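What follows is a single structure, written as structure tokens, with notes after it.
Each value in this text was obtained by applying a stated rule to the coordinates, not by laboratory testing. In this text the structure is predicted, and so the values were computed from the model without any measurement. Note: ideal-geometry Cβ built from the backbone for every residue, glycine included; neighbour counts use all protein chains shown.
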Amino acid sequence: MVLIDELLSKERFEGLSPAEFFYRNREIAGFSNPVRALYQTIRELVENSLDATELYGILPEIKVTVDVISPEKNIVKVRVEDNGVGIPSSEVPNVFGRVFYGSKYVIRQSRGLFGLGVKMAVLYAQMTTGSPVRVVTATPRSRRIHEFELMIDITKNRPRILKHNLIDNSKRWHGTIVELTLEGNWSGARRKVVEYIKRTALIAPYATITLKSPDVELHFKRLAYKVPEPPEIGRPHPRGVDIELLKSLIAKYSSGREDPPTLVDFLVENFEGVGRITAESFLKWAGYDPEMPIGSLTIEALDDLARKMREYDGWRRPRAHSLSPLGSELLSKGVQGILRPEFVASITRKPSSYGGHPFVVEVALAWGGEVPVSDHPLLLRFANKIPLLYDEGADVSRKVVDKIDWNTYKVKFPAPLAVIVHICSTKIPFKGVGKEAIADVPEVEREIEGAIRECARKLRRYLTQKEKELSLKLKYVTISKYVDEVARALSIITGDRQEVYRRRLEEMIRSYILMKEVRRGVRKSKR
Ligand code: ADP
Ligand code: MG
């Protein structure tokens, strides 16, 4: 006992700042080595740039530059420029210098969500090369461009501003440039970065994206001039609540009010799709007086209320207004632009939900063209328009693709088939914090399978038609082989010129093939 007391007296208790936590555990956020860290840095910057444009209806114009400063020491400079909404100068220090600070803590589909990404990149750069982040930004119609250089005070989780310049903005430029110098291995990361940019161009065909690096230049010009309808900010769905969420919503809703708000008003005004009638029927079912003041609920009652809200099956389904899927037309455009297939089928499913979170699944199947021939379908996964390049084996889409018997759809491997799966949600059910694989939530799995099968049926029709065309062509070739011989025989019998018979026979075969094609055309249009 004495020994324990003595040891305990030597222990020092202290808190850990979020910045310090991530500094110590950077692998969690994907910064495990110079290859992965470079890839992750580019990803975080590009995703912020895309959010800063398309969430506001701006056609994105994104320029990524990678410069290798010192190949021996693996020092790389990354610069990403966008034409987005910019960042108000008062927010710049916190946005880049304070872990868990951002504008995306709302119920709305976006690429970012934790308010962490870019700070990880800043921390990593600072830690490996000692250099600050450089930010140049202007909001629309702003008269000044702000240029900052800053670092993160890790123990305080606070920004440290090293430089702040104002530049005249006579041209009214708006957007953001972020520049970081970090330890990164370009030759190791190149393949993944190129793949990432390509796939980003596929899922955002309304964006112009360029990559400049010492050895690769990519230029994806936008293929469409329409940004998908930006998502609206939604409210939580009653199916997705827990006691903490209830507590914080109650605190926010009650603050500054003179009359204590009632339970029914609280439900109607704070949750998605809850009208007065729905709220009253729920409260009756749950055994609560609709008029009771929310302040009088005990912790036990809150716990019970949250549980019953999750269980009740009379809620309306979450709406999809806080989501922003591409739509099947844009998805097809993106796929055509990048994979150049001979055939593409795409579909955007109706909104669905799991655990109170709305989601939409979009799928495209691409066949032939530049799709590589392989023993398995090539799978391209996306979540909220982010390409997922790692952990494919653990992803629910892989499971669904492997489960399908592709023979049913006339696909015989090896084949040039690509399956593109995109899930949009206000909360993507990722497996783990790496945000690379999607968990097998039954509702999500069902939607993915339904969408793939729907596209696969279109593919089967295409392949069937192609097969028939091919067999017709083969028939033509086979019959044509006999033309000369038959013409010669006829000319011997009749004494007429062989050439005349040859021409006649060829005409006959051509009109026979044409008749077959027309007949099939008629049948097809009847369908
Ligand atoms: P997250 O993207 O998850 O919110 P980040 O740390 O990556 O977290 O970014 C923090 C915040 O910084 C964002 O929420 C956004 O408000 C702002 N931000 C970052 N990059 C840009 C940019 N290029 N343009 C406009 N705002 C940006
Ligand atoms: Mg981000």
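Things worth noting here:
- Gain in span if fully extended, Glu469 to Asn25, counting 0.36 nm per residue against the direct Cα distance: 153.9 nm
- Computed FRET value (nearest 0.05) for Val486 with Thr408, which takes r as the C-beta separation and R₀ as 41 Å: 0.45
- Extended-chain gain in nm, criterion 0.36 nm per residue less alpha-carbon gap, Ala251 and Met292: 13.2 nm
- Per-pair calculated FRET efficiency, R0 = 60 Å: Glu149 and Met515 via Cβ, rounded to 0.05: 0.20
- For Leu379, the residues whose amide H sits under 5 Å from its own are Val419, ignoring neighbours fewer than 5 places away on the same chain, with H placed 1.01 Å from N.
- Structure-based [θ]222 nm, the chain - -39500 (n - 2.57) summed over DSSP H runs of at least 4, per residue, nearest 500: -14000 deg cm²/dmol
- Separation of the alpha carbons by more than 20 angstrom is noted, of Lys10/Lys156; Lys350/Lys458; Lys192/Lys226; Lys77/Lys192; Lys212/Lys435, for Lys10/Lys156; Lys192/Lys226; Lys212/Lys435.
- Overall form of the stretch 106-185 per C-alpha gyration tensor (a/c, 1.5; a/b vs b/c): oblate
- Using R0 = 41 Å, the C-beta based FRET efficiency linking Asp304 and Lys350 works out to 0.75.
- The long axis of helix 498-526 is offset from the longest Cα principal axis of the chain by roughly 30 degrees.
- Ranked list, fewest to most other Cβ atoms within 10 Å of each Cβ, for Lys104, Lys73: Lys73, Lys104
- Within the stretch 407-470, the trypsin sites (Lys or Arg not before Pro) that combine a DSSP coil assignment with at most 12 other C-beta atoms in a 10 angstrom radius are Lys412.
- Cα centroid separation - the stretch 371-443 against the stretch 281-300, whole Å: 44
- Spin-label model, Glu11 to Ile69: label points 7 Å out along the Cα-to-beta-carbon direction sit 4.2 nm apart.
- Ile479-Glu443 pseudo-label distance in nm [points 7 Å out on the Cα-to-Cβ vector]: 5.7
- Between 0 and 90 degrees, the angle of helix 276-286 with respect to the longest Cα principal axis of the chain falls at about 70 degrees.
- Virtual spin-label span in nm between Thr262 and Ile4, 7 Å along Cα→Cβ: 5.5
- Cross-link reach is defined here as a Cα-Cα straight distance under 27 Å, omitting same-chain residues fewer than 8 places apart; for Lys252 the lysines meeting it are Lys104, Lys284, Lys308, Lys427.
- Potential lengthening between Lys156 and Val106 on full extension [0.36 nm per residue; Cα-Cα distance subtracted]: 15.4 nm
- Mean Cβ count within 10 Å, highest first, over the residues of peptides 225-236, 327-338: 327-338, 225-236
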